[in-house]
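In what follows, a structure is listed as structure tokens, so that the remarks can point back to it.
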There are 2 protein chains.
Amino acid sequence: MEGKQLVTTLWHAMEARDWPKVEELLAAGFVCVWPQSDERFDKAGFLRVNREYPGDWHIRICQVIAADMQVVSEVEVTLAGRIDRAVSFFELEAGKLTRLREFWPEPFEVPEWRRRWAL
Amino acid sequence: MEGKQLVTTLWHAMEARDWPKVEELLAAGFVCVWPQSDERFDKAGFLRVNREYPGDWHIRICQVIAADMQVVSEVEVTLAGRIDRAVSFFELEAGKLTRLREFWPEPFEVPEWRRRWAL
């Protein structure tokens, strides 16, 4: 599977709660890093956190950009009327995902000083 | 200039406050979108906001991933001892940057429920 397809398949498997499929897409040495909270998970931890993530969340893929062994995706995660957004940097090797560096940007207020220059 | 070089040159020009160079890298119809605050800027507005951005900020490029007409970068912006992070999705055309969709993820606390599964 090439990178773009691998990442698209991962998000679909997550949405379907198809954990054996998710597991199959991850390399044995897979590591996930969430830099904002400085959390790191190995393959088992990543699966566990996603399985246990509270609430009836749903994923929509916004974009997937693939370059050789790196893939970046942007997804929306809807949960109880709230929309979160994840930007995910994946690395892959031999058809499996080996590394994920993922960001969860939150909404913020527009600062007053630059309001006049926006469209 | 190819995509990776274009984006690297942009960040270096921003760091150098070389605004004529930044202007040169952006297409006439350039648009920047900050989805977290729902702000949009045209070329003039983007230049103005960056020129006026308060404080002695400094940029370090962490990674640049290029695929055809799309480039994604992750940079660190240091300002008064604080480190912010930007994830930027660029689109390009005819050697100029046409579009920027940019995220500024903030640090967050580790939720208690998943602490036991982290490395």
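What follows draws every value from the coordinates through simple rules; no lab data is involved. As the structure is a prediction and not an experimental result, all values here were calculated from the model. Methodologically, a virtual Cβ is constructed for each residue, glycine included, from the backbone with ideal geometry; neighbour enumeration extends over all protein chains shown.
Restricting to DSSP H runs of at least four residues, report the calculated mean residue ellipticity at 222 nm for the protein assembly as shown, -39500 (n - 2.57) per run over all residues, nearest 500 deg cm²/dmol.
Theoretical 222 nm ellipticity from helices: -7500 deg cm²/dmol.
Other chains' Cβ within 10 Å of A:53-62 residues: what's the mean?
Going residue by residue through A:53-62 and averaging, the value is 1.
If you take each beta carbon of peptide A:103-109 and count the beta carbons of other chains within 10 angstrom, what is the mean?
6
Give me the net charge of A:T9's neighbourhood, meaning all other residues with Cβ under 13 Å from the Cβ of A:T9; Lys, Arg count +1, Asp, Glu -1.
It works out to a net charge of -2.
Please report the spacing between the Cα centers of the stretch A:98-119 and the stretch A:13-30 in Å, no decimals.
Here the answer is 30 Å between Cα centres.
Cβ under 15 Å from A:I59's Cβ, A:I59 left aside: what net charge do those residues give with Lys, Arg +1 and Asp, Glu -1? Could the numbers behind the result be given before it?
Working: positive: A:R17, A:K21, A:R51, A:R60, A:R82, A:R85; negative: A:E15, A:D18, A:D56, A:E74, A:E76, A:D84, A:E102.
So the environment of A:I59 carries a net charge of -1.
Would you mind counting up the charge near A:R82? Only other residues with Cβ under 15 Å from its Cβ, with Lys and Arg at +1 and Asp and Glu at -1.
-2
Which FRET efficiency value, to the nearest 0.05, do you get for B:T78 and A:K96 by plugging their Cβ-Cβ distance into 1/(1 + (r/R0)^6) with R0 = 41 Å?
Using R0 = 41 Å, I get an efficiency of 0.70.
Which entries of A:K96/B:K4; A:K4/B:K4; A:K96/B:K43 show an alpha-carbon separation above 31 angstrom in the structure shown?
Table pairs above 31 Å Cα-Cα are A:K96/B:K43.
Among A:A67, A:S37, A:P107, which residue has its Cα positioned farthest towards the positive end of the charge dipole of chain A, with +1 placed on the Cβ of Lys and Arg, -1 on the Cβ of Asp and Glu, and the dipole taken about the Cα centre?
Most positive-ward Cα: A:P107.
Mean separation of Cα pairs under 8 Å and 6+ residues apart, divided by the residue count of the stretch A:3-105: what relative contact order is that in percent?
Relative contact order for the stretch A:3-105 comes out at 30 percent.
Compute the long axis of helix A:3-15 from its Cα atoms, compare it with the longest principal axis of the Cα atoms of chain A, and write down the angle in degrees, 0 to 90, nearest 10.
For A:3-15 against chain A, the angle is about 80 degrees.
What distance in nm separates the simple spin-label points at B:E2 and B:A44, each placed 7 Å from Cα in the Cβ direction?
About 3.6 nm separates the two model spin labels.
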